[in-house]
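The block underneath contains the structure these notes are about, expressed in structure tokens.
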Amino acid sequence: MARVLIDGRFVGVGESISRYTLELLKHILKIDRKNEYTLLVRPLGEEVLLANYPDLIEVPNLQLSVLDVKHYSLDEQTKLLAYLNEEKFDLVHFTQFNHPIRYKRPFVITIHDLTIFHHNMDQGWIKRMAFSRVMKSAVGRSSKIITVSDTTKRELVERYGISGSKVAVIYNGIDHSRYNKEVKSEKKRIDDFRTKYQIAEPYILYTGMWKQHKNLVRLLRAFENTYETEEMKGKVQLVLVGKVDDNEREVLAEIERINKKYGSLGFEAVRVTGYVDEWELPLAYAEALAYVIPSLSEGFGMPPLEAMACGTPVIASNASCIPEVLGDAPLYFNPKSEKEMSEAMAKMVKDGKLRDKLREQGLKQAQKYRWDEAAKEIHKIYRAVLQ
């Protein structure tokens with residue numbers, strides 16, 4: 001029997017990585033009842049698990065370990081290292097590239113993307129140097145690297161000169177029990193959701209962070225451009241779901257400016273909901289006229305697939321790994337062109353036949369991604385490293 005630790009410090013704080021960690025663990029525990037698993041979380045992560053995943057923490061070969069060590073912190077290199085050295089796990093899976101660089105026992109690492117090196121230009125030089133050193137250690141000292149797209153694998157191989165055989169591409173999955181087209185029939189829950197968050201109808205939906213690479217300033221200006229014709233003015237609302245980032249002042253300023261400009265509509269042109277509970281996300285997806293992903297860079301792009309699984313057509317950036325993951329299911333645009341983005345949104349609003357076509361293509365595309373398949377492949381990696 002081996003002791004395996006899964007680093008879950010993003011649970012409750014990092015939306016995509018939190019979901020990646022929990023879905024992966026949930027499905028690995030269905031496969032492996034023999035080895036002993038530990039999920040390491042911060043105090044907030046423990047609260048999230050107790051509230052939303054009670055069945056998971058009752059699995060006999062899983063135990064919870066709580067350690068208040070923030071990701072990307074100095075404590076990660078000291079306090080977390082001391083904990084790992086004391087516990088002497090047979091294998092550790094770090095679910096993001098950050099890890100203690102002096103840790104010497106076997107570990108597997110998931111590198112979702114290299115966005116932090118391409119687009120986070122607001123980081124100070126000390127942070128950039130620290131990130132570079134940690135990433136170099138992750139690439140060089142891990143027993144195996146997992147990426148969630150071939151795009152990220154190619155970037156890693158080119159940037160660090162490593163062998164492609166060290167990197168396994170294992171696509172993320174979707175929780176099809178939660179994200180599916182049947183959600184659209186839950187009219188009472190959907191109406192309650194819209195009332196709670198004061199959402200008009202119809203609406204175009206964006207979910208996620210406000211970081212620079214998410215390209216929200218261009219999205220907001222492109223949306224504003226759709227309002228420039230009388231045919232489109234006030235015909236649709238843009239809804240931003242996700243934690244408000246007070247550091248992204250340009251995004252906040254654009255939202256305020258656009259809502260002030262169109263203050264006579266009787267509803268906010270751009271509606272910001274703030275954080276929405278995971279169980280409410282399918283309702284947001286299902287009721288949207290369309291979902292938009294305007295990113296300049298992504299590691300995978302789980303939300304548009306979840307929207308597709310709920311039967312919602314997608315408008316997508318043609319950058320990074322997005323076409324690799326979404327295939328021919330979305331209506332694509334150049335994320336650096338506000339004009340193309342605006343035209344794509346207007347076309348989606350006006351053309352019901354296009355929406356129907358993309359809805360069907362999206363449902364088929366979403367079915368390709370399953371957590372049980374991802375867990376099987378990752379479990380094979382665990383077994384190989386442990387042997």
GNM on the chain, Cα springs under 10 Å; top mean-square fluctuation among 285, 206, 275 goes to 275
How far is the Cα center of the stretch 32-75 from the Cα center of the stretch 322-387, in Å?
30
What's the longest piece of the chain with no exposed GluC sites (Glu not before Pro), counting a site as exposed if DSSP puts it in a loop and it has at most 14 other beta carbons within 10 Å?
59-227
If I model a spin label at residue 67 and residue 30 as a point 7 Å from the Cα along the Cα→Cβ vector, what separation in nanometres do I get?
2.9
Does the stretch 281-387 come out rounded, prolate or oblate by the C-alpha gyration tensor, with a ≥ b ≥ c the root eigenvalues, rounded set by a/c under 1.5 and, if not, prolate when a/b is larger than b/c and oblate if not?
prolate
Most mobile listed residue (221, 141, 133) in the chain, GNM with C-alpha springs under 10 Å:
133
With everything on Cα atoms, drop me the angle between helix 371-386 and the longest principal axis of the chain, reported from 0 to 90° to the nearest 10.
20
Place the peptides 90-99, 66-75, 328-337 in order of packing, highest mean first, counting for every residue the other Cβ atoms within 10 Å and averaging per peptide.
90-99, 328-337, 66-75
Can you give the local net charge around residue 151? Use residues other than it whose beta-carbon is closer than 15 angstrom to its beta-carbon, Lys and Arg +1, Asp and Glu -1.
-3
Helix 187-196 sits off the longest principal axis of the Cα atoms of the chain, rounded to the nearest 10 on a 0 to 90 degree scale, by 90
May I ask which residue of 313, 35, 212 lies farthest towards the positive end of the charge dipole of the chain, with charges of +1 (Lys, Arg) and -1 (Asp, Glu) on Cβ and the Cα centre as origin?
35
Computed lengthening from residue 247 to residue 373, 0.36 nm per intervening residue step minus Cα-Cα distance
41.6 nm
Determine the sum of side-chain charges near residue 180: Lys and Arg each +1, Asp and Glu each -1, restricted to other residues whose C-beta is under 12 angstrom from that of residue 180.
-1
From DSSP H assignment alone, runs of 4+ in the chain each adding -39500 (n - 2.57), the sum over residues rounded to the nearest 500 puts [θ] at 222 nm at -13500 deg cm²/dmol
Considering Cα pairs under 8 angstrom that are at least six residues apart, work out the relative contact order of the stretch 92-197 and quote it in whole percent.
24
Counting Lys and Arg as +1 and Asp and Glu as -1, what is the net charge of the other residues whose Cβ lies under 15 Å from the Cβ of residue 12?
-3
Which Rg and Dmax, in Å, describe the Cα atoms of the chain?
21.3, 68
Angle between the chain longest axis and helix 43-52 axis [Cα atoms, degrees, rounded to 10]:
70
Mean 1/r over distinct Cα pairs of the stretch 181-366, inverted to a Kirkwood Rh in Å, yields 16.3
So what is the relative contact order for the chain, in percent, with contacts set as C-alpha pairs under 8 Å and at least six apart?
16
Cα-Cα pairs in the stretch 128-214 separated by more than 15 Å, as a whole percent of all pairs, come to 75
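Any read-out appearing in this document is the output of simple, stated calculations on the displayed coordinates, not a laboratory observation. From a predicted model like this one, the values you see are computed outputs, not experimental measurements. FYI the Cβ positions are ideal-geometry reconstructions off the backbone, even for glycines, and counts take in every protein chain you see.
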